[in-house]
Amino acid sequence: MIHITLPDGSQREFPGPVSVAEVAASIGSGLAKAALAGKIDGKVVDTSHVIAADSPLSIVTAKDADGLDVIRHSTAHLLAYAVKELFPEAQVTIGPVIEHGFYYDFSYKRPFTPEDLAAIEKKMAELAAKDETVTRRVLPRDEAVAYFKSLGEHYKAEIIASIPANEDVSLYREGKFEDLCRGPHVPSTGKLRFFKLMKVAGAYWRGDHRNEMLQRIYGTAWASKDELQQYLTMLEEAEKRDHRKLGRELDLFHLDEYAPGMVFWHPKGWTLWQEVEQYMRRVYRDNGYQEVKGPQILDKALWEKTGHWDKYRENMFITESEKRDYALKPMNCPGHILIFKQGIKSYRDLPLRFGEFGQCHRNEPTGGLHGIMRVRGFTQDDGHIFCTENMIQSEVAAFTTLLQKVYKDFGFTEILYKLSTRPEKRIGTEESWDKAEAALAEGLRASGCEFEYLPGEGAFYGPKIEYVLKDALGRQWQCGTMQVDPNLPERLDAEFVGEDGARHRPVMLHRAIVGSLERFIGILIEQHAGALPAWLAPKQVAVLCITDAQAEYCRELAKTLVDQGLRVELDLRNEKITRKIREHSMQKLPYILVVGDKEREAGAVAVRARGNVDLGVMPLQDFQSRIASDIASKA
């Protein structure tokens with residue numbers, strides 16, 4: 001007898017080996033129809049998978065995260081099937097699941113057009129409607145290579161040839177199309193109903209620029225029509241909020257081919273930058289950090305000691321002077337250790353907190369650059385805390401509470417907390433890892449945070465916390481981090497004198513709240529759709545005259561507001577007031593003050609708030625109080 005244990009603890013008995021589909025059918029016809037796969041000891045398998053021994057089993061449906069992955073994986077195959085039906089000469093390569101969807105890379109003699117994409121999507125729907133059974137078979141590696149070569153699929157043959165010779169490979173067939181894949185897949189194509197192809201992009205074969213440029217078709221797939229529509233609506237809103245688009249429209253910054261991956265900040269954009277930086281500088285000052293500044297270029301010998309020269313060199317910008325090799329720093333931590341080492345440090349000095357707005361450079365591939373979100377030159381709100389093992393928990397708790405306040409001030413109220421634990425390849429003792437992981441976990445708990453573990457995702461030298469914020473569209477951005485590092489202090493020989501008079505190694509905590517200022521500002525722009533709160537807005541108030549007769553009064557108003565510390569734009573142009581209001585409204589200013597003869601004579605202003613909200617006429621002092629309150633509350 002075979003005993004199958006279900007998630008609720010109940011068991012079902014079968015006289016012999018039984019498939020996942022048969023188990024689902026024994027539970028009920030509704031579950032049998034909804035079943036996409038099974039999960040046995042954490043491994044997702046096809047519904048056709050046969051269970052030959054007592055096992056725990058959960059039936060995977062479209063409601064499960066694993067089920068959505070199966071749908072997306074299978075839809076990638078459906079895409080390849082449709083392409084081969086319409087363009088038989090196209091060669092298929094790889095087609096993985098990615099966040100929110102999938103892609104598949106193809107080699108074809110000409111670029112796919114938007115019309116091709118529409119035709120492919122239509123063909124996918126036709127093939128799905130046939131509800132063809134998806135079947136799996138296994139072949140020896142060499143036989144599989146020969147099979148795909150016979151089909152003219154040379155890329156597939158190359159992939160299979162790279163698999164060890166003694167291994168078998170699995171193939172999945174639906175209708176006339178068969179593809180190499182580990183699986184699992186949906187039981188039939190009729191399960192694939194809610195998908196859309198998004199775009200075509202270039203991608204080098206195996207990610208190597210020396211290889212052929214392939215065509216990558218991106219798509220998305222969901223479990224229901226509503227989920228698909230919600231996602232497409234979110235994309236439309238995201239496009240409106242795109243920081244690159246808003247950066248141009250609001251005259252904040254630009255990117256230029258003369259400096260790929262570097263940002264040219266315009267006056268208004270640099271004002272925004274300064275508001276973020278100065279806010280974070282106050283955070284440093286008020287929370288026990290000492291601000292430091294390290295050099296941009298450091299000798300190769302330092303990077304060899306830290307290990308970056310061997311493991312990270314291809315991402316570093318290298319230069320040479322007087323027969324010495326240097327690198328533009330990709331991170332600030334080695335410099336902070338060198339500062340720590342100046343002079344004798346005592347246990348009484350700990351915890352010692354250094355902060356730096358350190359400019360870093362990383363040689364990111366051109367294809368990975370994305371507006372100001374991913375660049376080659378960036379500035380971090382970088383901080384390092386030198387402490388003892390016993391101090392980690394309290395430092396983590398204090399940092400987490402501080403981070404929560406900072407994110408709230410910037411308009412982010414939902415934060416996810418993830419604790420990455422020891423990877424398979426690591427340094428240090430098990431005892432030190434136990435202490436570090438426990439300290440991070442207790443630090444989060446002390447701040448009232450629920451968190452999830454990411455087993456094996458820590459750095460080789462220590463565990464870390466990832467602080468992930470959710471924006472207005474529900475997108476997740478990992479900005480903050482807290483990492484435990486005993487490794488760099490060891491490599492660079494950092495020490496302090498303990499209470500026992502002996503020399504000890506400090507623990508180094510790498511921490512950041514906003515991370516890259518460029519990236520964070522991009523996130524801020526998209527979070528607020530360019531309509532930044534008054535305390536951050538590059539221009540907070542526009543003062544507009546209706547005719548030249550109010551020009552002098554407007555100048556006096558503007559000066560009074562500037563003296564208050566506000567960022568003011570004065571518009572005395574001889575233009576229709578409706579045009580001036582429209583233009584400044586498009587710049588998303590928090591407030592527009594309109595002044596005519598009545599306002600001038602009364603010593604008042606007509607106030608319009610962002611969103612074309614008419615607040616009426618009020619004394620200037622009342623407006624000053626209103627905007628001061630907005631700024632103070634960061635509303």
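The values are calculated or read from the model by the stated rules, or taken from the named source; none is laboratory data. Predicted model only: the values in this text are computed from it and were never measured. Glycine also receives a Cβ, built like all others from the backbone with ideal geometry; neighbour counts cover every protein chain displayed.
Values as computed for the structure displayed
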item: Counted residues, the stretch 385-416 - those being touching a residue at least 40 places away in the same chain (Cβ under 8 Å), out of contact with any Lys or Arg (no Cβ under 7 Å at 6 or more places or on another chain) and farther than 15 Å from residue 467 by Cβ; result: 8
item: Of all residues making up the stretch 562-581, the number that are over 13 Å from residue 543 (Cα atoms), without any contact (Cβ under 8 Å) to a residue 12 or more places away in the chain and of a type outside the set (Ser, Thr, Tyr); result: 5
item: Only one of 592, 631 that is within 27 Å of residue 575 (Cβ to Cβ) and at pLDDT 95 or above; result: 592
item: Residue list for the stretch 198-221, filter: over 22 Å from the mean Cα position of the chain (by Cα) and of a type in the set (A, V, I, L, M); result: 213, 214
item: Tally of residues being assigned to a loop (DSSP other than H, G, I, E, B) and within 38 Å of the chain's Cα centre (by Cα) across the stretch 533-592; result: 15
item: Residue count, the stretch 140-153 (criterion: surrounded by 13 or more Cβ atoms within 10 Å (Cβ to Cβ), within 16 Å of residue 177 (Cβ to Cβ) and without any contact (Cβ under 8 Å) to a residue 40 or more places away in the chain); result: 4
item: Extreme residue, surrounded by the most Cβ atoms within 10 Å (Cβ to Cβ), among residues of the stretch 1-34 that are small (Gly, Ala, Ser) and part of a helix (DSSP H, G or I); result: 24
item: Top-ranked residue of the stretch 346-362 - restricted to ones that are in a strand (DSSP E or B) and farther than 18 Å from residue 274 by Cα, ranked as farthest from the chain's Cα centre (by Cα); result: 346
item: Matching residues in the stretch 245-259 - criterion: being in a loop (DSSP other than H, G, I, E, B) and either polar (S, T, N, Q) or surrounded by 13 or more Cβ atoms within 10 Å (Cβ to Cβ) (or both); result: 250, 251, 252
item: Conditions (1) out of contact with any Lys or Arg (no Cβ under 6 Å at 6 or more places or on another chain); (2) buried (at least 20 other Cβ atoms within 10 Å of the Cβ): number failed by residue 470; result: (2)
item: Strands (runs of 3 or more DSSP E) within the stretch 262-339 that include 1 or more residues within 27 Å of residue 352 (Cα to Cα); result: 297-299, 324-328
item: First in the stretch 219-230 and more than 16 Å from residue 121 (Cβ to Cβ), second anywhere and surrounded by fewer than 13 Cβ atoms within 10 Å (Cβ to Cβ), Cβ under 8 Å, 6 or more apart; result: 223/63
item: Count - residues of the stretch 598-633 that are out of contact with any Gly (no Cβ under 8 Å at 6 or more places or on another chain) and outside any helix (DSSP H, G or I); result: 14
item: Boolean, residue 156 is touching a Lys or Arg at 6+ places or on another chain (Cβ under 9 Å), at pLDDT below 95 and exposed (fewer than 12 other Cβ atoms within 10 Å of the Cβ); result: no
item: Residue within the stretch 363-379 that is part of a helix (DSSP H, G or I) and buried (at least 19 other Cβ atoms within 10 Å of the Cβ) present; result: no
item: Single condition residue 432 does not satisfy, out of (1) assigned to a strand (DSSP E or B); (2) farther than 28 Å from residue 278 by Cα; (3) not basic (Lys, Arg); result: (1)
item: Test for residue 200: is it touching a residue at least 60 places away in the same chain (Cβ under 8 Å) and among the aliphatic types (A, V, I, L, M); result: yes
item: Residues (surrounded by 13 or more Cβ atoms within 10 Å (Cβ to Cβ), more than 29 Å from the chain's Cα centre (by Cα) and touching a residue at least 12 places away in the same chain (Cβ under 8 Å)) located in the stretch 300-320; result: 300, 302, 305
